[in-house]
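Contents: one structure, followed by commentary.
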Amino acid sequence: MSQHKYASNVVEKCLEHGDTAEQELLIEEILGQSEENDNLLTMMKDQFANYVVQKILEISNNRQQEALLNRIKVHLHALKKYTYGKHIVARFEQLSSEGSQASEPETA
């Protein structure tokens, strides 16, 4: 459904407005149980489904976000070749830089 123009909006709204259990169920279903699952890569390259992946990055808890970022990292080089994959790469780089800034001690 994430690859359909209108259904992808429904999936995004379910992620946004669902309770924690519903969000977790949807995210786990999308991430799949193994790194060999290429559904995530397909979604990241798709013109509509990439927005669902971005929404997951936005609303996921730290554990889910870290798992997703690790999965994205494996495909970064391939994603840069696709118009819609570039959106995911940009979001990945933004979140990665925010994470590294948050973990660095501040100097006065």
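Regarding the stretch 32-40, can at least one residue be identified that is under 21 Å from R63 (Cβ atoms) and modelled with pLDDT of 85 or more? So that I can check it myself, show each step before the final result.
Applying the first criterion (under 21 Å from R63 (Cβ atoms)) to the stretch 32-40 yields 32-37, 39-40.
Remaining after also requiring modelled with pLDDT of 85 or more: 40.
Scanning the stretch 32-40 turns up at least one residue that is under 21 Å from R63 (Cβ atoms) and modelled with pLDDT of 85 or more.
Determine which single condition E22 fails, assuming it passes every other condition in (1) in contact with a Gly (Cβ under 7 Å, 6 or more places away or on another chain); (2) over 24 Å from E93 (Cβ atoms); (3) not hydrophobic (A, V, I, L, M, F, W, C).
It fails just one condition, (1).
Filter the stretch 59-70 down to the residues that are within 15 Å of E93 (Cβ to Cβ) and either polar (S, T, N, Q) or surrounded by fewer than 19 Cβ atoms within 10 Å (Cβ to Cβ) (or both) and list them by number.
Q65, L69, N70
What are the residues in the stretch 1-25 that are within 13 Å of A49 (Cβ to Cβ) and either aliphatic (A, V, I, L, M) or at pLDDT below 85 (or both), if any? If you could, list the steps in order and put the result at the bottom.
Within the stretch 1-25, the subset within 13 Å of A49 (Cβ to Cβ) is 1-12, 15.
Those that are within 13 Å of A49 (Cβ to Cβ) and either aliphatic (A, V, I, L, M) or at pLDDT below 85 (or both): M1, A7, V10, V11, L15.
Assess whether E58 counts as being more than 9 Å from the chain's Cα centre (by Cα), of a type in the set (D, E, K, R) and under 26 Å from G99 (Cβ atoms).
no
Anything in the stretch 31-47 that is in contact (Cβ under 8 Å) with a residue 24 or more places away in the chain and over 13 Å from I88 (Cβ atoms)? List them, or say none.
L31, E35
The values are calculated or read from the model by the stated rules, or taken from the named source; none is laboratory data. For clarity, every value in this text was computed on a predicted model and none was experimentally measured. Because the Cβ atoms are built from the backbone with ideal geometry, glycine has one as well, and the counts that use them run over all protein chains shown.
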